[in-house]
Amino acid sequence: MTRAWLVGLALLSGCTTSSATSASVGEFRRTQVGRYQVKLELEPEPPPLGELFRVRATVTLRDGRPVETAKVEVDAQMPQHEHGMETRPRLRPGECDAEDRCKFPDGIYIFDGFKFHMSGDWTLLVHVEGPRGPDSTSLIYRAR
Amino acid sequence: MRIAPLASLLVLLGCPGSTVTEPVRQPGDWSEEELQTLRALRLDPTLPADPTNRWSDDPEAAKLGRSLFFDPGLSPSGAVSCATCHNPALGFSDGRAVSQGVGETARNAPAIPGSQYGPWQFWDGRADTLWAQAAGPVESPVEMGSDRTFFARHVMNTHGEAYRAIFGGGLTQEQLDRLPARAAPGIDPDLDAAWKALSAEDREAVMEVFTKGLKAIAAYERQLLPTEAPFDRYVDAVLAGDPEGGGHLKPAQVRGLSLFVREANCTLCHHGPHFTDRAFHNLGLPGLTRYDPGRSLGALEVLSHEFNCKSPWSDTDRCEELEYLDPSFPDFQQAFKTPTLRNVALTAPYMHHGGLQTLHEVIEFYDELPGESNVNHRELTLQPLGLTEKDRRDLVSFLNALTGDPLPDRLTSPPDPVDASSTPPTR
């Protein structure tokens, strides 16, 4: 994961996120520039504090068609504490061909190894590099 | 994971938080949300399975483990057992700032009840299971000063019958006859040379008895679960609709609890049934006389620990905690595990360095946050609390309500007198 997009994303989301935070996990939300729609689901939800959980990201175009070949990254941070997670989540492999082109059926990208080690507000950041270009979004999740 | 640089985060920091003002509530008058927090703090003794140890819930293994836990014969000095530093009468700690075994340890001895639940053992989490943890003190030159060969021989000589009944096998008489008194890799050059001189078969046999002995100790430790405290009975009564909480907490304790979950926000880290997030934080403690890397080293160590979940001695290969651990997490520097607060009144002195003598000193520390961290920075959420002296005393009083009912005698003493004289000190 590159540092650059995190920076950009954090700046973009800025205080505008406070209005956008009404969007919650389990709902599709439009990415920053509007290229995609992303739905994040936590499994289990709510994730028990201090325990590993999974994040399932579903990525579609604005018209709802799944984006199956994007590069998707998800991270979680606690801005008030200036830290991220103690873990390094990993994307489950998609269906890859001999040239290592991978497809994620139905636009579903599953990440194992998330952990909220503290209660409080976590920012979930999603970055998509897809057929329409790069775009990102974030939402705030209150862990308790 | 990586963290965006400070500048961009400051933008986020500037965002107004929720500005909804809650009505001011009296201590004991709990909101729905607070009731949820209390429910989450209530003791839940359900212990998750430990797939790394096939004998973790075997009562016979636990019984053997109990004998081993109290047996000073496992130390060549004949004088140090696990119970030396984990004394049942002191909540399985030792009442000292740092511990005294064959030598002096660098850190304070934590309580054992409650430690079973988390994924990491030790203040820095350098072991990922109870049995892997137990290898540490056995072979530590300042704790039991023993080694795996000495340990295995003692187990066979003194607890052989119980061992064979549970695990079968063990060391044969010929092996016992030909093994050197002491041998182990990596402790000191003599022991190392003796270890290298063993045949592969003998090494394997020693490892077998050593790791199974450790697993028996772990099976015993799994039975040392925290017990119900006045706080739990209070929560039960409140949740059942009695605003007085059955009178299980004194008014000062209810005030202390109220401070704990509200103004002082201790539940940010001390939450859940064991009052710990099982995570690592740098509190910027006063009185640190030397640099202790804490979790930043512990995370690296656990990933390469000889007996970790991924090792050949583990009974599972599903090791998710290890798989996703990020040892480069920046705030691991000088961070230590949040300890359980159950039975905390029994386990003075406090903190990983044992530098705070009383609970009152602990509260004073959180209230004033003197000085700053010599490394990295103090956990940013910690802010001076501005407590009154009464607030401080009430918080302490509340912490006293976390002392559980005593464990049954059958768990706090050895099963039968151990004849330590049967193994004269060597070396």
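The values are calculated or read from the model by the stated rules, or taken from the named source; none is laboratory data. Model, not experiment: these values are computed from the prediction. Neighbour counts are summed over all protein chains in view; Cβ atoms, including those assigned to glycine, are modelled from backbone coordinates with ideal geometry. Areas reflect the complete protein model, heavy atoms only, side chains present, ligands, DNA and RNA absent. Shrake-Rupley method; radii C 1.70, N 1.55, O 1.52, S 1.80 Å.
Conditions tested, residue by residue: (1) within 30 Å of B:Met156 (Cα to Cα); (2) of a type outside the set (Ser, Thr, Tyr); (3) touching a Cys at 6+ places or on another chain (Cβ under 7 Å); (4) modelled with pLDDT under 85.
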residue: B:Glu361; (1), (2), (3), (4): no, yes, no, no
residue: B:Tyr366; (1), (2), (3), (4): no, no, no, no
residue: B:Leu385; (1), (2), (3), (4): no, yes, no, no
residue: B:Asp394; (1), (2), (3), (4): no, yes, no, no
residue: B:Pro406; (1), (2), (3), (4): no, yes, no, no
residue: B:Thr423; (1), (2), (3), (4): yes, no, no, yes
residue: B:Thr426; (1), (2), (3), (4): yes, no, no, yes
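Of the residues in segment B:185-212, how many are in contact with a Phe, Trp or Tyr (Cβ under 8 Å, 6 or more places away or on another chain) and without any contact (Cβ under 8 Å) to a residue 12 or more places away in the chain?
Going through segment B:185-212 one residue at a time, the tally reaches 2.
Determine the pairs where a residue that is closer than 22 Å to B:Tyr117 by Cβ, located within segment B:328-351, has a partner that is basic (Lys, Arg) and assigned to a loop (DSSP other than H, G, I, E, B) with Cβ atoms under 9 Å apart, the partner being 6 or more residues away or on another chain.
What qualifies is B:Phe329/A:Arg88; B:Phe336/B:Arg107; B:Lys337/B:Arg278; B:Thr338/B:Arg278.
Within segment A:103-137, count every residue that is within 14 Å of chain B (Cβ to nearest Cβ), aromatic (Phe, Trp, Tyr) and not in a loop (DSSP other than H, G, I, E, B). Working first, answer last.
Initial filter on segment A:103-137 (within 14 Å of chain B (Cβ to nearest Cβ)): A:110-127, A:136.
Keeping just the survivors that are aromatic (Phe, Trp, Tyr) gives A:111, A:114, A:116, A:122.
Those left that are additionally not in a loop (DSSP other than H, G, I, E, B): A:111, A:114, A:122.
The qualifying residues number 3.
So, restricting to helices (runs of 4 or more DSSP H) that lie completely within segment B:283-400, which ones have at least 2 residues that are aromatic (Phe, Trp, Tyr)?
Fully inside segment B:283-400 and qualifying: B:359-368.
Any chance segment B:308-318 includes a residue that's within 14 Å of chain A (Cβ to nearest Cβ), under 18 Å from the mean Cα position of the chain (by Cα), more than 30 Å from A:Glu82 (Cα to Cα) and buried (at least 16 other Cβ atoms within 10 Å of the Cβ)?
Filtering segment B:308-318 down to residues within 14 Å of chain A (Cβ to nearest Cβ) leaves B:309, B:318.
Right, trim to under 18 Å from the mean Cα position of the chain (by Cα) and you get B:309.
When the remaining residues are screened for being more than 30 Å from A:Glu82 (Cα to Cα), the result is B:309.
Filter once more, so that each one left must be buried (at least 16 other Cβ atoms within 10 Å of the Cβ): B:309.
Yes, that holds for at least one residue.
Within segment B:39-76, can you find the residues that are assigned to a loop (DSSP other than H, G, I, E, B), open to solvent by 40 Å² or more (accessible area, probe 1.4 Å) and among the acidic types (Asp, Glu)?
B:Asp44, B:Asp57, B:Asp58
Might you check whether a residue that is part of a helix (DSSP H, G or I), in contact with a Ser or Thr (Cβ under 8 Å, 6 or more places away or on another chain) and surrounded by fewer than 17 Cβ atoms within 10 Å (Cβ to Cβ) occurs anywhere in segment A:64-82?
no
Taking the stated definitions as given, is B:Glu368 touching a residue at least 40 places away in the same chain (Cβ under 8 Å), more than 30 Å from B:Gly247 (Cα to Cα) and out of contact with any Ser or Thr (no Cβ under 7 Å at 6 or more places or on another chain)? Even if it seems obvious, please write down each step before you answer.
Working: touching a residue at least 40 places away in the same chain (Cβ under 8 Å): no; more than 30 Å from B:Gly247 (Cα to Cα): yes; out of contact with any Ser or Thr (no Cβ under 7 Å at 6 or more places or on another chain): yes.
So B:Glu368 does not fit the description; no.
Yes or no, residue by residue, for (1) free of Cβ contacts under 8 Å to residues at least 60 places away in the same chain; (2) within 14 Å of chain B (Cβ to nearest Cβ); (3) out of contact with any helix residue (DSSP H, G or I) (no Cβ under 8 Å at 6 or more places or on another chain):
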{"site": "A:Leu49", "(1), (2), (3)": "no, yes, yes"}
{"site": "A:Pro66", "(1), (2), (3)": "yes, no, no"}
{"site": "A:Asp75", "(1), (2), (3)": "no, yes, no"}
{"site": "A:Arg90", "(1), (2), (3)": "yes, yes, no"}
{"site": "A:Ala98", "(1), (2), (3)": "yes, no, yes"}
{"site": "A:Arg101", "(1), (2), (3)": "yes, no, yes"}
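Can you tell me which residues in segment B:335-354 are more than 14 Å from chain A (Cβ to nearest Cβ) and either in contact with a helix residue (DSSP H, G or I) (Cβ under 9 Å, 6 or more places away or on another chain) or closer than 17 Å to B:Ser397 by Cβ (or both)?
Scanning segment B:335-354 gives B:Leu341, B:Arg342, B:Asn343, B:Val344, B:Ala345, B:Leu346, B:Thr347, B:Ala348, B:Pro349, B:Tyr350, B:Met351.
Out of B:Pro141, B:Pro137, B:Pro110, report the one residue that is under 30 Å from B:Ser199 (Cβ atoms), touching a residue at least 24 places away in the same chain (Cβ under 8 Å), open to solvent by 30 Å² or more (accessible area, probe 1.4 Å) and not small (Gly, Ala, Ser). Steps first, answer last, please.
Values: B:Pro137 fails: open to solvent by 30 Å² or more (accessible area, probe 1.4 Å); B:Pro110 fails: under 30 Å from B:Ser199 (Cβ atoms).
Result of the check over B:Pro141, B:Pro137, B:Pro110: B:Pro141.
Restricting to segment A:36-47, name every residue that is in contact (Cβ under 8 Å) with a residue 12 or more places away in the chain and under 16 Å from A:Ser24 (Cα atoms).
A:Gln37, A:Val38, A:Lys39, A:Leu40, A:Glu41, A:Leu42, A:Glu43, A:Glu45, A:Pro46, A:Pro47
Select, from B:Ala83, B:Ala79, the only residue that is at pLDDT 95 or above, assigned by TED's automatic domain parsing to the domain that holds B:Glu161 and either assigned to a helix (DSSP H, G or I) or polar (S, T, N, Q) (or both).
Sole residue among the options that is at pLDDT 95 or above, assigned by TED's automatic domain parsing to the domain that holds B:Glu161 and either assigned to a helix (DSSP H, G or I) or polar (S, T, N, Q) (or both): B:Ala83.
Select from segment A:83-100 the residues that are among the charged types (D, E, K, R) and open to solvent by less than 60 Å² (accessible area, probe 1.4 Å) and list them in ascending order. First the steps, then the outcome.
Filtering segment A:83-100 down to residues among the charged types (D, E, K, R) leaves A:86, A:88, A:90, A:92, A:95, A:97, A:99-100.
If the condition is that a residue be among the charged types (D, E, K, R) and open to solvent by less than 60 Å² (accessible area, probe 1.4 Å), then A:Glu86 is the only one that fits.
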